[in-house]
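Beneath this line is the structure, given in structure tokens, with notes to follow.
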Amino acid sequence: MNRIALAMTLTLAAVPASAQELMTTHRIPAVLASQAVAEAVAACAKQGYAETAVLVDADGVRQAVLRGDKAGVHSLDSAYDKAYTAASFKTDSGALYERSKTVPGFANLFTQLPHLRLFGGGLVIKVGDEVVGAIGAAGAPGANLDDACAKAGLDAIRDRLK
């Protein structure tokens with residue numbers, strides 16, 4: 001037996017049996033993802049803001065995208081980056097922004113890794129303790145307003161996330 005095969009065999013033998021089973025994960029259905037981004041965009045439009053919303057799964061993969069009427073092209077990337085950041089860190093992007101103010105060097109991550117955005121507007125979506133995705137919103141004149149629009153989108157589907 002060669003060294004690589006022996007090392008792999010020994011490594012697998014050391015892993016407990018329960019760790020060898022497949023993990024169960026959950027993903028937001030397309031219809032709910034679409035409804036969430038539509039509501040986020042509509043909530044902002046009612047306030048006069050041209051918003052884009054993006055919903056991602058727990059891995060940061062886009063599930064639904066809606067660019068509102070007159071929303072700037074940059075808002076597509078910004079909304080995605082906010083959702084991706086929240087999903088990646090399993091924390092709302094606004095909370096990460098606040099953390100960056102007190103943790104030395106933390107903000108450096110956001111200049112070194114792609115798609116991380118240190119602004120409010122990205123909210124984690126959980127079912128129980130499991131992160132199943134995130135929603136990001138961009139285009140309103142302030143991160144707190146983006147947060148509110150993303151929250152409106154999440155609130156529209158929250159009771160159906162089971």
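The values are calculated or read from the model by the stated rules, or taken from the named source; none is laboratory data. The structure presented is a predicted model; accordingly, all values stated were derived computationally and were not measured. Positions of Cβ are generated from backbone atoms using ideal geometry, with glycine treated the same way; all protein chains shown enter the neighbour counts. Keep in mind that these areas ignore ligands, DNA and RNA; they rest on the heavy atoms of the full protein, side chains included. Shrake-Rupley method; radii C 1.70, N 1.55, O 1.52, S 1.80 Å.
Figures for the structure shown
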{"item": "Selection count where residues are open to solvent by less than 60 Å² (accessible area, probe 1.4 Å) and in a loop (DSSP other than H, G, I, E, B), scope segment 27-48", "result": "1"}
{"item": "Residue satisfying condition, being closer than 15 Å to Ile135 by Cα and free of Cβ contacts under 8 Å to residues at least 24 places away in the same chain, within set Val37, Val73, Val31", "result": "Val31"}
{"item": "Residue that is nearest to Ile28 (Cα to Cα), among those in segment 120-162 that are more than 13 Å from the chain's Cα centre (by Cα) and assigned to a loop (DSSP other than H, G, I, E, B)", "result": "Leu161"}
{"item": "Conditions (1) assigned to a strand (DSSP E or B); (2) at pLDDT below 95; number of the one not met by Met23", "result": "(1)"}
{"item": "Phe106 being under 25 Å from Ile28 (Cα atoms), aromatic (Phe, Trp, Tyr) and touching a helix residue (DSSP H, G or I) at 6+ places or on another chain (Cβ under 6 Å)", "result": "no"}
{"item": "Single unsatisfied condition, Ala95 versus (1) open to solvent by less than 10 Å² (accessible area, probe 1.4 Å); (2) within 22 Å of Ala36 (Cα to Cα); (3) not β-branched (Val, Ile, Thr)", "result": "(1)"}
{"item": "Test: Ala64 is out of contact with any strand residue (DSSP E or B) (no Cβ under 8 Å at 6 or more places or on another chain), open to solvent by less than 60 Å² (accessible area, probe 1.4 Å), modelled with pLDDT of 95 or more and under 19 Å from His115 (Cα atoms)", "result": "no"}
{"item": "Scope segment 49-61; condition surrounded by fewer than 21 Cβ atoms within 10 Å (Cβ to Cβ), within 19 Å of the chain's Cα centre (by Cα) and either of a type in the set (Gly, Ala, Ser) or farther than 19 Å from Ile125 by Cα (or both); matching residues", "result": "Ala58, Gly60"}
{"item": "Qualifying position, being modelled with pLDDT of 95 or more and either surrounded by 17 or more Cβ atoms within 10 Å (Cβ to Cβ) or of a type in the set (A, V, I, L, M) (or both), among Ala107, Ala137", "result": "Ala137"}
